[in-house]
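Written out below as structure tokens is the structure these notes cover.
The values are calculated or read from the model by the stated rules, or taken from the named source; none is laboratory data. Every value quoted in this text rests on a predicted model; they were computed, and no experiment measured them. Note that each Cβ is placed from the backbone with ideal geometry, even for glycine, and that neighbours are counted across all protein chains shown.
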Amino acid sequence: MSDETADTAVREVIVRAEGHEHVSAEHTSTFEVTSDDWLTPAGDCILAVDADTTPADVPQSFVEACRSHEATITAEFAAADATQTVEGHGHPDLTFEGNRSMVGRTSEYVDERTIMIGADAAATDFHRRLVTALERGAPLTMTLRVEP
């Protein structure tokens with residue numbers, strides 16, 4: 001990642017994680033993918049655990065591209081034979097400094113875990129086919145893309 005230049009800005013980040021028996025996807029304002037390898041039933045925004053990437057791992061050029069109100073950020077989720085795409089936008093205060101979880105928010109709230117705000121879906125809006133696959137432990141691929 002340190003060999004990035006302005007000419008080779010990263011516009012896509014792939015995150016791999018695992019489903020878990022406690023995935024319920026019932027939260028109404030966020031979705032989350034965590035690097036933690038455990039999940040309790042209270043974690044109703046968490047879609048997958050044991051993620052191989054945290055916000056702090058994201059290349060700086062991707063982060064910089066997300067730091068604009070005009071940036072469109074999409075997250076495409078794929079598990080088993082189910083997919084879902086969520087679209088949100090960037091914000092100048094996005095830091096991507098969190099070292100555990102990536103959180104998409106329908107609100108405008110930003111913290112070190114936030115990867116997009118103004119998302120057009122929260123965990124409760126995810127297709128039940130995808131949620132069921134994750135609840136059964138299916139591997140998840142989340143592809144993040146940013147368009148300035």
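Please verify whether Val86 is at pLDDT 95 or above and outside any helix (DSSP H, G or I), treating the condition exactly as stated. Criteria met by Val86. Ala121 falls short on exactly one of the conditions (1) modelled with pLDDT under 95; (2) within 15 Å of the chain's Cα centre (by Cα), and that condition is (1).
Per-residue answers, yes or no, for (1) at pLDDT 95 or above; (2) over 12 Å from the mean Cα position of the chain (by Cα); (3) not hydrophobic (A, V, I, L, M, F, W, C):
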site	(1), (2), (3)
Ala75	yes, no, no
Glu108	yes, yes, yes
Val131	yes, yes, no
Glu135	yes, yes, yes
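On the stretch given as segment 22-51, residues that are touching a Leu at 6+ places or on another chain (Cβ under 7 Å), among the β-branched types (Val, Ile, Thr) and in contact (Cβ under 8 Å) with a residue 60 or more places away in the chain total 3. All but one of (1) within 17 Å of Pro55 (Cα to Cα); (2) among the aliphatic types (A, V, I, L, M); (3) touching a residue at least 24 places away in the same chain (Cβ under 8 Å) hold for Val110; state the number of the condition that does not hold. Of (1) within 17 Å of Pro55 (Cα to Cα); (2) among the aliphatic types (A, V, I, L, M); (3) touching a residue at least 24 places away in the same chain (Cβ under 8 Å), only one is false for Val110: (3). Apart from one condition, Ala9 fits all of (1) surrounded by 16 or more Cβ atoms within 10 Å (Cβ to Cβ); (2) touching a helix residue (DSSP H, G or I) at 6+ places or on another chain (Cβ under 6 Å); (3) farther than 20 Å from Gly118 by Cα; (4) not aromatic (Phe, Trp, Tyr); the exception is (1). Pull up segment 112-142, narrow it to residues that are farther than 15 Å from Ser101 by Cα and among the basic types (Lys, Arg), then point me to the one that is surrounded by the fewest Cβ atoms within 10 Å (Cβ to Cβ). Selected residue: Arg128.
The residues on offer are Val33, Val63, Val49, and the sole one that is in contact with a Ser or Thr (Cβ under 6 Å, 6 or more places away or on another chain) and at pLDDT 95 or above is Val49.
Taken over segment 66-87, the criterion of being buried (at least 20 other Cβ atoms within 10 Å of the Cβ) and touching a residue at least 60 places away in the same chain (Cβ under 8 Å) is satisfied by Cys66, Ile73, Ala75, Phe77, Ala79.
Among the conditions (1) in contact with a Gly (Cβ under 7 Å, 6 or more places away or on another chain); (2) within 17 Å of His127 (Cβ to Cβ), Cys66 misses just one, which is (2).
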